[in-house]
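Input: a single structure, listed below in structure tokens.
What follows draws every value from the coordinates through simple rules; no lab data is involved. The model shown is predicted, which means the values in this text are computed figures rather than measured ones. Reconstructed Cβ throughout: ideal geometry from the backbone, glycine too, with neighbour counts over all protein chains shown.
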Amino acid sequence: MSSRHPRLAAVALATTALTLLAGGPASAVDPTVSDPRVIAHFDFAKGQTPENIALEPDGSADITFAFAHAVARVNKQGVWKTIAALPDVANPQTPNLGAAVAAGIARAHDGTLYVAYATGTAETGIWRIAPGGGTPEQIAQLPADAFPNGIALDEHCDTLYAADSNRGEVWSIPLNGGTPTVWASGAALAPSPQLPFGANGLKLHDGAVWVSNTAQGTLLRIPFGPDRTAGPIETRAIGLTGIDDFTFTGHGDTVLAALNTVNELELVRADGTHRTVLTAADGLDNPTSVAVRAKTVYVNSAAFFDTTNPDPNLLLARISRNKL
């Protein structure tokens, strides 16, 4: 473990203590994930720890490097370049970590990128990167004790939603410069004394905000109510040890979830049952996020807790549906 991440080992131990409930058997209609191959390797010592992912129309992946607090673009052949860097923070006070962390990323249709940045200072919030890259601009400031993590963009309402891993909340952030507000909160989103990372991944899907909770190993659904307010929080799956980010496969409410500390990619069905589809043997090394485009699955690994041979990487696989 690199000395630049001193508290991650404790987080790993706490996470692996969470109970993993037995998943259901494979279903004849489950999407299948096959042909995994790592297309790009990154440098752990330089903070090139892939945290989150957004996809370009040509299939390239825009990924955040958590501890290098930068954004890189990786094409499907594995060739990559840095397209933007968030500002250095002289004395970061990021909750539970200390180091500044670039986390969630979302892409608008015009190519604008939005990135969550957690620093424990005035730089904590959402930063915008113009199409093509360049110097990021902070468009929203969040409290210093916030840890904005997964984000999702609702372009129809000019609103961005952000999961706050430290405060256990979901923020609603106007893109026009308005004041961010807490959109949802409650025990289901909270961290735990044993693991200080609660609400983590976040996606918009079928009239709701979906959120993963790392500390509780759960996948949650929060429906939109009248005037886009938050409805009651629903628990849709449990027993997802170390869940980080997730995405929908395109098959209804079926999800692929990155289980960070146990090195697994989990397929989670609409009924909450789940099974493992990729493991460390396929190249996963503390997977942090997953995306799907057509028949391709993208999985980031950050190697946060790998003390022997850390291999932060980007893995691609094929996704298809079994015939009935």
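Couple of notes before you dig in:
- Springs between Cα atoms under 10 Å define the GNM used for the chain, and in it the highest mean-square fluctuation of 179, 288, 119 occurs at 179.
- Within the shell of other residues whose beta carbon sits under 10 angstrom from the beta carbon of residue 114, the net charge comes to +2, with Lys and Arg scored +1 and Asp and Glu -1.
- Residue 179-residue 157 pseudo-label distance in nm [points 7 Å out on the Cα-to-Cβ vector]: 1.9 nm
- Under 5 Å between amide hydrogens, built in the peptide plane, is the criterion, and for residue 230 it picks out 225 among residues at least 5 positions away or on other chains.
- Vicinal HN-Hα couplings computed from phi for the stretch 161-171 (Karplus, 6.51 cos²θ - 1.76 cosθ + 1.60; Hz; Gly/Pro x): 10, 9, 7, 10, 6, 8, 7, x, 9, 10, 8
- Dipole of the chain computed with +1 at Lys/Arg Cβ and -1 at Asp/Glu Cβ about the Cα centre; of 186, 85, 314, farthest Cα towards the positive end is 314.
- Put simply, the amide H of residue 165, placed in the peptide plane, has neighbours under 5 Å in 147, 149, leaving out anything fewer than 5 places away on its chain.
- Counting charges near residue 312 (Lys, Arg +1; Asp, Glu -1) among other residues having Cβ under 13 Å from its Cβ returns a value of -4.
- Residue of 105, 243, 139 that the Gaussian network model of the chain assigns the largest fluctuation, springs spanning Cα pairs under 10 Å: 139
- For the stretch 223-268 versus the stretch 90-159, the gap between their alpha-carbon centres in whole angstrom: 21 Å
- Helical content of the chain, expressed as a calculated mean residue ellipticity at 222 nm, amounts to -1000 deg cm²/dmol (DSSP H runs of 4 or more residues, -39,500 (n - 2.57) each, divided by residue number, nearest 500).
- Relative contact order (%) - the chain, alpha-carbon pairs under 8 angstrom, separation at least six: 18 percent
- Charge dipole of the chain (Cα centre as origin; +1 on each Lys and Arg Cβ, -1 on each Asp and Glu Cβ, all else neutral): 480 debye, rounded to the nearest 20.
- When the Gaussian network model of the chain links Cα atoms closer than 10 Å, the mean-square fluctuations of 42, 304, 65 top out at 42.
- Charged-residue dipole, Cβ positions (Lys, Arg, Asp, Glu), the stretch 199-304 about Cα centre, Debye nearest 20: 200 debye
- Ignoring aspartates and glutamates fewer than eight residues from residue 76 along the same chain, the ones with Cα atoms less than 17 angstrom from its Cα are 35, 56, 58, 62.
- Each Lys or Arg adds one and each Asp or Glu subtracts one; over the other residues with Cβ under 13 Å from the Cβ of residue 208, this totals 0.
- Going by neighbour counts of Cβ atoms within 10 Å, the residues 155, 137, 169, 51 line up, fewest first, as 137, 155, 169, 51.
- Options 166, 34, 61, ranked by Cα towards positive dipole end of the chain, top entry (Cβ charges): 34
- Computed lengthening from residue 122 to residue 81, 0.36 nm per intervening residue step minus Cα-Cα distance: 12.0 nm
- The fraction of all Cα pairs in the stretch 8-321 landing in successive 20 Å bins from 0 to the largest distance is 37, 61, 2, given as whole percents.
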